[in-house]
Structure formats: structure tokens, C-alpha cells
Amino acid sequence: MSQSATKAASAGDSAGLGGALTFLFALSCGALAANLYYAQPLVSLMGADLGLPIAAESAIVTVAQIGYAIGLVFLVPLGDLLENRALILVTMATNVVGLAGLALAPGLTSLFAGMLFVGATSCAAQMLVPLAANLAPEEERGAVVGNVMSGLLGGILLARPVSSFLADYLGWRGVFGLSAALIAVLALVSLFMLPQREPAGERGYWSLIRSLGRLFVTEPVLRRRGLYHAAMFAAFSLFWTAAPIILLREPFDFSPSGVALFALAGVLGVFAAPVSGRLADRGYARIGTISALSMVIAAFFVAIFGATSLTALVVAAVVVDLGVQANLVFGQREIYRLAPNIRNRLNAVYMTTFFIGGAIGSALASPVLEAFGWFGVCILGMAMPGAALVYFALAEGKGD
């Protein structure tokens, strides 16, 4: 199998992904990543159903993101050790099991356990992205990663309106049940379409895991890009966990379907990914990063007026998502230039770093909103990318 896998990988490297396979990569990444965000506009419904205190509702999203970080650290690096196709298929199959269990969760313990398990196995998305990068020609890698990431980001951005809309008809459990069916179908299609790729590495598993910390320390580009996006993703998670909560309250009094319509504003952010990938291929990652960080700071300033203005909230939502998604692709393009044979580990460190930031942002949303109101959320949201911008100026002010 190793010889045939190598041939398949070589064929993919020379020919690229092709339209159908690129679409499968993008759709699968989007469906898997969406699992982390279906709960974001539903935390109030889930908490009320299972007796969770209001101040702790955002912990539902936080647990999923912690699970994702666990998967990034302990599962994604296996892509540098095991045959990629088999690894991805097994991880997707276990994700289906986790989603089905979550849909049937009888209480808070099983809810949080289910969210943790679903989060961990949804990291199959981050096995697909480096596989796409490995199959793409060097001169097109940014564009290919951007196209695949547009699917992943589309899943993240559509997850909120889709789950809000479906919850009105199927309840929150139905949302996760439908997701289980979708991932099962995609896994079946992937069984026939995904190419095999046997990694060249000979390292043992624990040696592979220990190398992650060393990569963070020894690769300054990886470390900087991870920390920039940790701040950005914290702001992103803060906004999208807190905004649905205030929309369900006065003066807006939105229904879940109303929140779904609001969340559609963020879907425009998906267009940032392919554009950013092409700009990165042309050497504009540096100015693009500055622009993306500045956009999110400006978005939260506008969002201050969103306590009473729906227009301000919509504008802020669009700009937050555009800035965050653009910065993600700039960062990925930069780290994929470092070492082709360890892309799974580079991706694991990068994603783990910023998902920790996202978990922090989600965890802070409910308590900050309850203690300091929407104004406090917006000030914290500006401070996060502001700190990243200061770090960027100090670390890269004189060039990379």
C-alpha cells in the first residue's frame, strides 16, 4: 500500500487537486468546522433545556474549542506519521458517532462530554488542509489553500445562521443530528475520492507530539503567526458568542430565526479567503496582516453603537469576519513555506495556538457581558487585535 500511496501522492503533486476534489476538500472542511459553531447562537436554548446558569452558557462553545485544540495536538500530527486518507476517514467516522451522541445527550455531563468529543474529532478538517497543500504545486499553494479555506470558513460562518434557523423547527438536538448525517455522507464520498498519501517521516508518535513544543519555540514565523491569530480568533469568538445573546434580549427581542438572519451578515467573510491567498502568493502578507488587524479593531469600535443599533451590529459582524478570515489565510500561507515534510505539525501548532485564543474569547463572553455589558465586550474586543498589532510592530517592524 505504501508504494501505491506514494504514487498517488506524486500524481496529485504534479496535477494539483482538480475541481471536484477541491470542492470535496472545501465542503468537508466546512462541514467539520461548522460543528464547533452550531452551538454559538443556541447556548441560551441549550442552557435553558438542561438547566445551565446563564453566566456559564458560553462554556458550551468553549468546551468544543478545547476539544478541537486537543484534537489538533494529539490527532492532526498523525498526518506526518500515518497514511493520510485512512486517518481522515477514521476521524470523520468517529465524529459522526460523537455528533449522534450529542444529539441524544440527556444531561449537562453528557452534553459537555459530547461537545468535547465532537470538537476533538472535528479536527479532521485540519488534516484535509495540509493534504491539499501537499497536493498543490508550489506556485499555486496559496490559491489552493485559500480555496479550501473558503469552504472551511464558509462552514464556520454558515453554521450560525443554519443552526439558528433549524432550531426553530427541529430544536438544538436536530441540528447536531443533521450534522451527523452530513458528515457520514461526506465520509462515504471521501472513501472513493480522496487520494492516498504516505508521509515520509519515520518518527514515533510521542516523538512527533514532543516536537510540537519545539516547533513553537524554534520557528519564529510560526510562533508570531499563531499568536497574531490567537488574538484575532479570541475577538471573533467573543463577538459571535456575545452578539446572539444580546439579540435575544431587549431592545431587539430576536427569535432564533432572527438571529439566523443576522448571522448571515458574517458569511461575507468567506470571500476574504481566496483573495487573501492570492495576495499572499504575490508577497502582500505583511501589509495584509496589518490591514486585517486594523479592520477588527475598527469593527469593535463600530460595534459599541450596536447596543441599540442593529445597523452598527451588522457592519461590525461583516468587518470582524472579513478581517479574521483574511488574517487566517495570510498566516497559513506563511507557515506552509517553512518545511513541506512537517506541514501537519506546523498546521497543528498554528491552529492549536489560535484555538486556545478562541476558547478564551468564548469563555469570557458571558461573564464580561453580564458584568460590564456590551460596552465591556467591545472594549475587550478592540484590545485583543490591538495587542496583536503592537506585537506585530515590535516583532516585524523592520521586516520579516
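Counting only residues that are touching a Lys or Arg at 6+ places or on another chain (Cβ under 8 Å) and assigned to a helix (DSSP H, G or I), which one in segment 333-352 is nearest to Leu78 (Cα to Cα)?
For segment 333-352, the residue satisfying everything is Tyr350.
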Residue hits (segment 2-55; of a type in the set (S, T, N, Q), modelled with pLDDT under 90 and crowded, with 24+ Cβ neighbours inside 10 Å) are Gln40
Of the listed residues (Ser122, Ser150), the one being under 28 Å from Leu212 (Cβ atoms), hydroxyl-bearing (Ser, Thr, Tyr), out of contact with any Leu (no Cβ under 8 Å at 6 or more places or on another chain) and buried (at least 24 other Cβ atoms within 10 Å of the Cβ) is Ser150
Looking for something surrounded by fewer than 24 Cβ atoms within 10 Å (Cβ to Cβ) and either within 18 Å of Val76 (Cα to Cα) or modelled with pLDDT under 90 (or both) - is there at least one such residue anywhere in segment 323-332? no
A careful count of residues in segment 308-322 that are under 20 Å from Arg225 (Cα atoms) and either surrounded by fewer than 24 Cβ atoms within 10 Å (Cβ to Cβ) or at pLDDT below 90 (or both) gives 2
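Conditions (1) over 21 Å from the mean Cα position of the chain (by Cα); (2) of a type in the set (Gly, Ala, Ser); (3) closer than 23 Å to Ile360 by Cα, marked per residue:
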{"residue": "Phe236", "(1), (2), (3)": "no, no, yes"}
{"residue": "Leu247", "(1), (2), (3)": "yes, no, yes"}
{"residue": "Val275", "(1), (2), (3)": "no, no, no"}
{"residue": "Arg282", "(1), (2), (3)": "yes, no, no"}
{"residue": "Ala299", "(1), (2), (3)": "no, yes, yes"}
{"residue": "Ala303", "(1), (2), (3)": "yes, yes, yes"}
{"residue": "Ala307", "(1), (2), (3)": "yes, yes, yes"}
When Asp321 is run through (1) under 19 Å from Gly30 (Cβ atoms); (2) of a type in the set (D, E, K, R); (3) outside any helix (DSSP H, G or I), the failure sits at (3)
Picked from segment 98-133 (must be under 18 Å from the mean Cα position of the chain (by Cα) and among the polar types (S, T, N, Q)), the residue farthest from Ile156 (Cα to Cα) is Thr121
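With respect to Leu182, is the statement that it is under 19 Å from the mean Cα position of the chain (by Cα), assigned to a helix (DSSP H, G or I), at pLDDT 95 or above and not β-branched (Val, Ile, Thr) true?
Judged against the criteria, Leu182 is a match.
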Among the residues of segment 185-219, the number that are touching a residue at least 60 places away in the same chain (Cβ under 8 Å), farther than 13 Å from Pro77 by Cα and part of a helix (DSSP H, G or I) is 7
Being modelled with pLDDT of 90 or more and surrounded by fewer than 24 Cβ atoms within 10 Å (Cβ to Cβ) narrows Ala69, Ala136, Ala143, Ala105 down to just Ala105
Screening Val76, Val61 for residues that are within 24 Å of Ser207 (Cα to Cα) and either hydroxyl-bearing (Ser, Thr, Tyr) or buried (at least 21 other Cβ atoms within 10 Å of the Cβ) (or both) leaves only Val76
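The values are calculated or read from the model by the stated rules, or taken from the named source; none is laboratory data. Just so it is clear, the model here is predicted, and its values are computed rather than measured. Virtual Cβ from ideal backbone geometry, glycine too; neighbours counted across all protein chains shown.
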